[in-house]
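Here's the structure we're looking at; comments come further down.
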Amino acid sequence: MDLKSYIRSIPDFPQKGVLFRDLTPLMGNAEALNYSVKSIAEFFKDKHVDKVAAIEARGLIFGAPIAMLLNVGFVPVRKPGKLPFELIRKEFQLEYGMSILEIHKDAIRKGEKVLMIDDLLATGGTALAASQLIESLGGEIVGWGFVVILKDLKGEEKLTKYPVFSLINFE
């Protein structure tokens, strides 16, 4: 399936000079969405995953159904103020400012094998921060699954200690 045909490119969003890769057309097409979710789950099916963790917001759209296909639990990694229980947080640098991710303290148990999911990998700052949150709780990351990787932004360089899989690469 040609998934690239479902990605819309929007110049100068969210700021001038950025070429935004919009996955909403892919998510809005049942065949493309199903293919994406099933393909990522299939790639990681033999990794003995205990939980799938995904990053807000668009990562959650892919992460929950992947967890269902793998028959494992799901852990949301959220932006501040969205989780109601005791949590840990990680502040990190984005291309254009600072951000924070949070996770419940009891979301991951020591030794659990965790598959990390997000829709898109750009510079890798968010993925690295999410990885550090999971590992601080004792989770072992078995890999990262993305729908899209923007290769020219070199985000994979921040994730070299993990297997990284993507369905689409943009140079």
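The values are calculated or read from the model by the stated rules, or taken from the named source; none is laboratory data. What you are looking at is a predicted structure, and each value in this text was computed from that prediction instead of being measured. Glycine gets a Cβ as well: all are built from the backbone with ideal geometry, and neighbour counts include every protein chain shown.
Couple of notes before you dig in:
- Taking the conditions (1) touching a residue at least 60 places away in the same chain (Cβ under 8 Å); (2) buried (at least 18 other Cβ atoms within 10 Å of the Cβ) in turn, V77 satisfies each one other than (1).
- Pairs with Cβ under 7 Å, 6+ apart, first in region 26-45 and over 14 Å from K4 (Cβ atoms), second part of a helix (DSSP H, G or I) and of a type in the set (V, I, T): M27/I61; V37/I66; I40/I66; A41/I66
- Output for region 143-163, where each listed residue is surrounded by 18 or more Cβ atoms within 10 Å (Cβ to Cβ) and either at positive phi or among the β-branched types (V, I, T) (or both): G143, V147, V148, I149
- Restricting E102, E95, E91, E86 to residues that are charged (D, E, K, R) and in contact with a Ser or Thr (Cβ under 6 Å, 6 or more places away or on another chain) narrows the list to E95.
- Qualifying residue in region 106-125 (condition: modelled with pLDDT under 95, of a type in the set (S, T, Y), in contact with a strand residue (DSSP E or B) (Cβ under 8 Å, 6 or more places away or on another chain) and not in a loop (DSSP other than H, G, I, E, B)): no
- Members of region 128-153 that are of a type in the set (V, I, T) and assigned to a helix (DSSP H, G or I): I134
- Applying a threshold of 6 Å to beta carbon distances and a minimum spacing of six or more residues, or different chains, the list of pairs starting in region 106-128 at a residue that is within 9 Å of K51 (Cβ to Cβ) and among the basic types (K, R) and ending at one that is surrounded by 16 or more Cβ atoms within 10 Å (Cβ to Cβ) and modelled with pLDDT of 95 or more reads K113/V49; K113/D50; K113/V142.
- Subset of region 35-60 [farther than 19 Å from R109 by Cβ and buried (at least 21 other Cβ atoms within 10 Å of the Cβ)]: S36, V37, I40, A41, F44, I55, G59
- Subset of region 80-95 [more than 20 Å from G138 (Cα to Cα) and either of a type in the set (D, E, K, R) or touching a residue at least 60 places away in the same chain (Cβ under 8 Å) (or both)]: K82, E95
- Candidates Q15, Q93 - the one that is surrounded by fewer than 20 Cβ atoms within 10 Å (Cβ to Cβ), in contact with a helix residue (DSSP H, G or I) (Cβ under 8 Å, 6 or more places away or on another chain) and modelled with pLDDT under 95: Q93
- Restricting region 18-27 to residues that are of a type in the set (A, V, I, L, M) and under 15 Å from D119 (Cβ atoms), the residue that is surrounded by the most Cβ atoms within 10 Å (Cβ to Cβ) is L26.
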